[in-house]
Amino acid sequence: MGLEQKLGDMGVVTTSLEKAIGWARSNAIWPMLFGLACCAIEMMSTQASRYDLSRFGMELMRASPRQSDLMIVAGRVSRKMAPVVRTLYDQMPDPKWVIAMGDCASCGGVFNNYAVVQGVDEIVPVDVYVAGCPPRPETLIDGILKLQDKIKKEPLNKWQ
Amino acid sequence: MSQVIAPSTGLAPDVATALGDAIQDTLVFRGEVTFVTSRERLIEVLTHLRDQQRFEMLADETCVDYLPQEPRFALIYQLTSLSRGLRVRVKTYLSETDKVAPSACGVYVCANWLEREIYDLFGVRFEGHPDMRRILMPPGWEGHPLLKEHPVKVEEVAFSFNRQRIDADKPYAQE
């Protein structure tokens, strides 16, 4: 009963392994439960019921870097915090991606001073930059969808 | 029950008489009293204010960099008397060549972290401090960032005409 009867005889679907793996990876990304500043408030809102990030298979925020695929750097990174962020990134298993959320994480934002890293791309490789101060939840979701597109197109040998 | 902030001007003659030449100057502005003292007599002044005038609390200890002036630095102690509802300020000047002051940790315990912060950001050393380390900046940091000669900006602001040059010099992270 249900879907199978309506589908009829589908037989065999062919695709490339690269596409199948990219599709599987992109739709079950587990972000790390990790916020640094005010952008984290918007990130929490993105996961909560109104904007509902779980529509895109990303509702499971992991408190451990060992279980995460995605690091959303939400907020400014101080020079003292930078080694901690890099350690967390190193602890994440491959494949892994990074979103720089907001102006401070992307380029230092208004904090052009001695205490703040001028863009988190100085310490970890960033896949998607999300602009805004802070970005609205829709903007973050758009950035995440961009990342999903990127993951779907990634070659298999990238994570060797 | 006293007011939270009462004018402390009535206090000035008493303290000046009791401490004699330890008080170099007494400044009064809108009911706020500032005692200017020398580095050598600082602990004596703070102890007197705590024990004789009941200023139980060191609300803040901070430093100012008056760059063109000499003496260049001023240490400022904000004292509060909870029992009398009074506030008073103690100020002492330090020369650029001799940035050392006696630690107030023996008089007010909370001076410990405040003096570490002053050391971290201004480079003033406190003699007799139990743990003279940086508190805010990373341990390997060089320089003292709140000094006037320290650069304010780290990175040049990017516009369309210089964006490519800034981007070429930027230390991007590797995998």
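Of the residues B:PRO145, B:PRO171, only one is facing chain A (nearest Cβ under 8 Å), free of Cβ contacts under 8 Å to residues at least 60 places away in the same chain and within 18 Å of the chain's Cα centre (by Cα); which?
Just one listed residue meets the conditions, B:PRO145.
Among the helices (runs of 4 or more DSSP H) confined wholly to the stretch A:1-67, which include 1 or more residues that are modelled with pLDDT under 90 and under 17 Å from the mean Cα position of the chain (by Cα)? Working first, answer last.
Numbers: elements: A:3-7, A:17-26, A:39-47.
Filter on the stretch A:1-67 gives A:17-26, A:39-47.
Mind listing whichever residues of the stretch B:105-160 are of a type in the set (Val, Ile, Thr) and either modelled with pLDDT under 85 or farther than 18 Å from B:ILE43 by Cα (or both)?
B:ILE135, B:VAL152, B:VAL154, B:VAL157
Are there any pairs with C-beta distances below 8 angstrom linking a residue in the stretch B:45-58 that is free of Cβ contacts under 8 Å to residues at least 40 places away in the same chain to a residue that is assigned to a helix (DSSP H, G or I) and open to solvent by 40 Å² or more (accessible area, probe 1.4 Å), with the two at least 6 apart or on different chains, and if so which?
From residues that are free of Cβ contacts under 8 Å to residues at least 40 places away in the same chain, the pairs are B:HIS48/B:ALA18; B:GLN52/B:ALA18; B:GLU56/B:ARG50.
I'm trying to understand the selection: among the residues of the stretch B:26-51, which are in a loop (DSSP other than H, G, I, E, B), at pLDDT below 90 and open to solvent by 80 Å² or more (accessible area, probe 1.4 Å)? I'd like the intermediate steps shown before the answer.
Restricting attention to the stretch B:26-51, the residues satisfying the condition of being in a loop (DSSP other than H, G, I, E, B) are B:30-31, B:38-41.
Next, from what is left, pick out any that are at pLDDT below 90: B:30-31.
Across the stretch B:26-51, the qualifying residue is only B:ARG30.
Restricting attention to strands (runs of 3 or more DSSP E) lying wholly within the stretch B:72-134, give those where 3 or more residues are at positive phi and crowded, with 17+ Cβ neighbours inside 10 Å.
By residue number, no strands (runs of 3 or more DSSP E) qualify.
(1) within 9 Å of another protein chain (Cβ to nearest Cβ); (2) closer than 29 Å to A:LEU88 by Cα; (3) free of Cβ contacts under 8 Å to residues at least 12 places away in the same chain: which one isn't true of B:GLY140, the others all being true?
(1)
Kindly check whether there is at least one residue in the stretch A:93-110 that is over 30 Å from B:ILE135 (Cα atoms), in a loop (DSSP other than H, G, I, E, B), open to solvent by 20 Å² or more (accessible area, probe 1.4 Å) and more than 10 Å from chain B (Cβ to nearest Cβ).
Among the residues of the stretch A:93-110, at least one is over 30 Å from B:ILE135 (Cα atoms), in a loop (DSSP other than H, G, I, E, B), open to solvent by 20 Å² or more (accessible area, probe 1.4 Å) and more than 10 Å from chain B (Cβ to nearest Cβ), which makes the answer yes.
Can you say whether A:ASN113 is open to solvent by 40 Å² or more (accessible area, probe 1.4 Å), within 11 Å of chain B (Cβ to nearest Cβ) and of a type outside the set (Gly, Ala, Ser), as far as the supplied structure shows?
yes
The values are calculated or read from the model by the stated rules, or taken from the named source; none is laboratory data. This one's a predicted model, so the numbers in the text were calculated from it and none came from an experiment. Backbone-built Cβ (ideal geometry, glycine too); neighbour counts: all protein chains shown. For accessibility, only protein heavy atoms count, side chains too; no ligands or nucleic acids. Shrake-Rupley method; radii C 1.70, N 1.55, O 1.52, S 1.80 Å.
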